[in-house]
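Contents: one structure, followed by commentary.
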Amino acid sequence: MFKVIQRSVGPASLSLLTFKVYASQKKDSPPKTSVKVNELSLYSVPEGPSKYVEEPRTQLEESISHLRQYCQPYTSWCQEIYSQTEPKMQSLVQWGLDSYEYLQNAPPGFFPRLGVIGFAGIVGLLLARGSKIKKLVYPPGFMGVAASLYYPQQAIIFVQVSGEKLYDWGLRGYIVIEDLWKENFQKSGNVKNSPGNK
């Protein structure tokens, strides 16, 4: 074992020594001549006029070019749709992340309230058997009543905003129906009173 340590200590200790080595020029080497940049073959200008010759297109290149021209309107349409939907999708993803963060750190009593509201929707669905209109009205109505018991301030704000929107939609619908009514009955009245139909 002592021989192994002795043999490994010797080369290791030599690596700790520092000494300078001076290189000397060889006297028998020929003197080097420097080459200028313009003398290199890489930078030399070819002699004679050069002419660009375009290679003929192959059948594969022609078919790919035709396919690209055919698909270009569709790809531009897809890019336009993507650019329009990308911000909406990013906001939707952000909303999902925020909802996930909120559910991870939910306030106390949130999940029991959510269970009661969901149960009210299921009860509304069970009571709405037979009619499609009842199935559309009862579950959201029961869930809204249950939610308004737990969150009365938000329910009041929701009712005010949705009431204004419903009034606005009803007014627009009334105007559209009134315009259609006037157009249809004025045209039919003119046709009945025309002198050629007597």
Send over a whole-number figure in Å² for the accessible area per residue of the stretch 53-198, probe 1.4 Å. 90 Å²
Take the alpha-carbon centre of the stretch 119-162, take the same for the stretch 50-84, and report the distance between them in whole Å. 55 Å
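By its C-alpha gyration tensor, with a ≥ b ≥ c as the square roots of the eigenvalues, how is the stretch 62-136 shaped: rounded for a/c under 1.5, else prolate for a/b larger than b/c, else oblate?
It is oblate, given that a/c is not under 1.5 and a/b is not larger than b/c.
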Using a 10 Å cut-off on Cβ atoms, rank the peptides 84-91, 49-56 from the highest mean neighbour count down. 84-91, 49-56
The relative contact order of the stretch 104-164, taking Cα pairs under 8 Å that sit 6 or more residues apart, comes to a percentage of 29 percent
Between ASP98 and ILE133, 0.36 nm times their residue separation minus their Cα-Cα distance comes to what? 9.2 nm
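The values are calculated or read from the model by the stated rules, or taken from the named source; none is laboratory data. Note that the coordinates shown come from a computational prediction; the quantities given were computed from them, not determined experimentally. Glycine also receives a Cβ, built like all others from the backbone with ideal geometry; neighbour counts cover every protein chain displayed. The protein model used for the area step is the full one, side chains on, heavy atoms only, and it has no ligands, DNA or RNA in it. Shrake-Rupley method; radii C 1.70, N 1.55, O 1.52, S 1.80 Å.
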